[in-house]
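Data first, discussion second: the structure below is written as structure tokens.
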Amino acid sequence: MIKLIALDLDNTLLEKNLTIAEKTLSLLRECADRGITIVIATGRLYYSAAKYAKQIGPSTKVLCYNGCLVTEADGSPIFKAELTPDIMRRVADFAKERGLYSQFYLDHKILVEKVTDGTTIDPDLANTTAIEVGDFDGYEFSPSPKAMIVAKPEEVPMYQAQLQAELGEETYIAQSQPYLIEIMPKGINKAQSLELLCEQMGITKEEVMACGDNTNDAEMVIWAGTGVAVANSVDSLKSVAEYVCSQERSYGVAEAIERFCL
């Protein structure tokens, strides 16, 4: 019996227009009414995750920044992890040396040298503001839940491998979009944080359904008793999922809920 549903946002729960399909929203509310806990499990920042959590219902929990922050439905923190200023400096230097855009987070706001196309393509910007510091050289960083680098999709594997070689022992590196490299504290991913939440709630992994679409969802999909990949998922996620939906995005989530939860 499924007692908790963990859902990635972009390209999973959300349609291309960044909305939840009405059918899926109705099914999630029905699940919540039956006592199933819904968790938004996303790489996005807190304000974006909370926005969609509130649409589902007042008991929906949030796991954001790829697991670096987990909160109760009211926003009170359950778990928190952050990159150190030293690692942030090294990420900023790595990006600058290669002419790449990088961003960090401060008080749930986007921290950048200057707002560019790399900032404006981030859907989080619709739910928060950007802090421009002018130049990361000499900037005194405060801890951030994660860092992001934007690169051409065809170059992402190369840069990700280089970052892995430089920071792999100290960070967790993944993708949520073809053009994004996301850097989190070592040992932090959606699965690790979801497991902590479930332990607190007395829920076993066999009672969890997790849905995703990209590599940053892989650990969560593998860990959950019912791991689901929506139809538009990358092949590497489909290969580790217990169930691959016939439908994409939000309608794939609805398909999984009808099959496993209701």
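The values are calculated or read from the model by the stated rules, or taken from the named source; none is laboratory data. This structure is a prediction, so every number in the text was calculated from the model and none was measured. Neighbour counts are summed over all protein chains in view; Cβ atoms, including those assigned to glycine, are modelled from backbone coordinates with ideal geometry.
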Single match in LEU100, LEU83, LEU63, LEU69 (criterion: more than 19 Å from the chain's Cα centre (by Cα), within 26 Å of ASP213 (Cα to Cα) and either surrounded by 16 or more Cβ atoms within 10 Å (Cβ to Cβ) or not assigned by TED's automatic domain parsing to the domain that holds GLU132 (or both)): LEU100
Residue list for the range 108-124, filter: in a helix (DSSP H, G or I), of a type outside the set (D, E, K, R) and within 15 Å of the chain's Cα centre (by Cα): PRO123
Selected residue (criterion: modelled with the lowest pLDDT) from residues of the range 121-166 that are β-branched (Val, Ile, Thr) and surrounded by fewer than 14 Cβ atoms within 10 Å (Cβ to Cβ): ILE121
Residue ranges of helices (runs of 4 or more DSSP H) in the range 204-262 with at least 3 members touching a residue at least 24 places away in the same chain (Cβ under 8 Å): 218-223, 249-260
Residue match in the range 167-177 (condition: outside any strand (DSSP E or B), of a type in the set (Phe, Trp, Tyr) and surrounded by 17 or more Cβ atoms within 10 Å (Cβ to Cβ)): no
Condition met for GLU206 (under 27 Å from THR24 (Cβ atoms), touching a helix residue (DSSP H, G or I) at 6+ places or on another chain (Cβ under 9 Å), acidic (Asp, Glu) and not assigned by TED's automatic domain parsing to the domain that holds GLY99): no
Yes/no for THR19 being among the polar types (S, T, N, Q), surrounded by 15 or more Cβ atoms within 10 Å (Cβ to Cβ) and either at pLDDT below 95 or on the phi < 0 side of the Ramachandran plot (or both): no
Strands (runs of 3 or more DSSP E) within the range 1-91 that include 2 or more residues among the charged types (D, E, K, R) and touching a residue at least 24 places away in the same chain (Cβ under 8 Å): none
Any chance THR116 is closer than 28 Å to ALA6 by Cβ and of a type in the set (S, T, N, Q): no
